[in-house]
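Only the coordinates and a few stated rules stand behind these numbers; no lab work does. This is a predicted model, so every value here is computed, not measured. Virtual Cβ from ideal backbone geometry, glycine too; neighbours counted across all protein chains shown.
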């Protein structure tokens, strides 16, 4: 019977459309999660990497000034302590990687030891303390260099992950476009099928 064939064709078309709509829904949800991940990635690059690199640069500059001043004007080195503490607090508020946390902890320890040595030198200048102070500056410089390297490595990792998310989103967009094309073809096929099985009107012979 033609009506049973028509129902079967419509059922197949409806099933196909349902599957396609389901695929589009899933890709839309995935794209939303990718967009959220990209937002977090770019925020992390700025707040946890670029800003941190700025803190490291400022700390390096301050310690270079302290290193120069210690023998010329030892009492002047303490003027930088508040700035150092403020930068350390700002650094602590960022997201640290496991390795970064280790080097950052060492940096804070070196800073405290340097501060102690500077106070001792200010109270009673001794040439032997200068050597110890210089060693602390070397250790601080080394830890700052390691922390700076981590910022570059983490930024590269985040950008690589972001590129993968963008590639996946582009694929999903391509899939959605293909799904829309298939939906259009199914609708056209359904309309054509309905017209082709529609009974033609026959003129009654006795009217001729």
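A few notes on this one:
- Ranked by how many other beta carbons lie within 10 Å on average, peptides 89-102, 130-143 from highest: 130-143, 89-102
- Taking 7 Å steps out from each Cα toward its Cβ at residue 171 and residue 54 produces label points 3.7 nm apart.
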